[in-house]
1. If you count only protein heavy atoms with a 1.4 Å probe, what accessible area per residue comes out for the range 161-296, rounded to a whole Å²?
2. Enter the Cα centre distance for the pair the range 341-377 and the range 67-123, rounded to the nearest angstrom.
3. Keeping every protein chain present and rolling a 1.4 Å probe, give me the accessible area per residue for the range 1-118 in Å².
4. Out of the total accessible area of the range 1-40 (probe 1.4 Å, heavy atoms of protein only), what percent is carbon and sulfur?
5. Around Asn388, which amide H atoms from residues at least 5 apart in sequence, or from another chain, sit under 5 Å from its own amide H, with H modelled in the peptide plane?
6. Which value, in Å² and to the nearest 10, is the accessible area of Arg223 when all protein chains are kept and the probe is 1.4 Å?
7. Pulled fully out, how much extra length does the chain show between Asn222 and Ile259, if you take 0.36 nm times their separation in residues and subtract their Cα-Cα distance?
8. With the crude spin-label approximation of a point 7 Å out along Cα→Cβ, what separation in nm comes out for Ser175 versus Leu154?
Amino acid sequence: MTLKKLTKYSSLMLWANFIAVYLIACEFLFISQYVSKNQLNYQLITKLDQIPQSPNIVFWQCIASTLILITIITIRHNIDLPRRINNLFILLEFISALTIYFAVRMNYNGIFLLVFVDFFLTNEDLPSIFHYHYWIIVGIALVMIFSISSYSFLGNIFHMPSLDTYIDCLPNKTSTLVNFLNSFFSAFNLILFIWISLEYSLLISQREQRIKSKLSTMSKSNRELKNYAALSEKIAQDRERKRIARDIHDTVGHALTGIAAGIDAVMVLIDINPEAAKKQLKKVSVAVKQGLVDIRKTLNKIRPDALENYTLEASLKKMIKEYSDLSHLKIDFTYNWGEVDFEKTTELVIFRVIEESVTNALRHGHATRVKIDCALTSNSYEIAISNNGETIHKVKPGYGLTQMKERLAVINGKLKITSEPIFTITINIPRKEENHD
């Protein structure tokens, strides 16, 4: 059973209520005419607590209020109304139901069951708001309203004319038929209400099961994706290590081998032929210089592409923008170092440390906001990185933080970590006249 089909059955319930109300209106009208025609007015009035209103007025009140309710429900079913207007129509629907209830002089309360069903069937977001314990509360409240609104309770309190009193004025066969019709439509309306409520509850249960199943599948896929990402990262790291090892072997290894052989030759020639030894030392010097060039080329391959094409400030802004676009992480970045010209190694360390800090804030701290402040003091370059992620009372350095310390040690930088009130990493890099690779 789908919600669309249930809505169609609620429409059937609407017309059943219309017939029930129309039948009661006709009974008030035609029985009053029958009583007047057969001069039974005194008999009827003596059984009533007060003089009844004109049956014509009762009839048209019932018809008019029911048509208004049908119009409101039809509009809500067929037009996608804005939330505020829809809430207004819900209020009007309830007011119309009360008007019908008073129009039939409290002799029929099945109209409230219709309003209750229509309210829930036309508000699809309610299943996510109302859990089962709320349904129990709502169900109890409905039973109380339905019981209180019966004629035997409120009708006697407000001294409304009882329909049964009117029907008693009819011949036995006719009164039996009228009572049967009234009971039939009341029972039919109640059965429809119970059946729609059960089907609706089953629909909600099935929907929740589908949602739980989808969430479970998504959670499993998310775990698999994380495992795949971790495996891919490990494979990429191993591949990069092998490439770097191969480059070092091809450059540094060959250079050092040649230098070692050249020095061995110098040691042999230095006493026999000093001139030849000098020439050999010149060759060793050339080999050393070439080795340094090759090492720099290898190190430059490790540098991010951004550092090759932009300044350090522009590279950091580019990296931060990429993180913000991908993760919706809000990053406040302040760069107060001016046009400082770092060595390539220093630039690389600063770039990697800031990149690792942002990654850790997102991955481990689940932060939504990160603040990066690059300040200049009298004797150092200072980087303060803080985030609003999960507070850790005792920070245990993992692979990322250990890598940061090792990188900073290369350029004599220092790392300080505080976790309260917010997680903050403070980095100090000494200012020097010259920086060397």
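1. 71
2. 60
3. Accessible area per residue, the range 1-118: 54 Å².
4. Taking all protein chains in place, the range 1-40 shows 61 percent carbon and sulfur surface.
5. Thr368, Arg369
6. Arg223 exposes around 130 Å² with every protein chain in place.
7. Result: 8.0 nm gained on full extension.
8. Placing both labels 7 Å beyond Cα along the Cβ direction yields 2.7 nm.
The values are calculated or read from the model by the stated rules, or taken from the named source; none is laboratory data. Not measured: the values here are computed from a predicted model. All Cβ positions, even for glycine, are placed from backbone atoms using ideal geometry, and neighbour counts span all protein chains on display. Quick note on the areas: whole protein, heavy atoms, side chains included, nothing else; ligands and nucleic acids left out. Shrake-Rupley method; radii C 1.70, N 1.55, O 1.52, S 1.80 Å.
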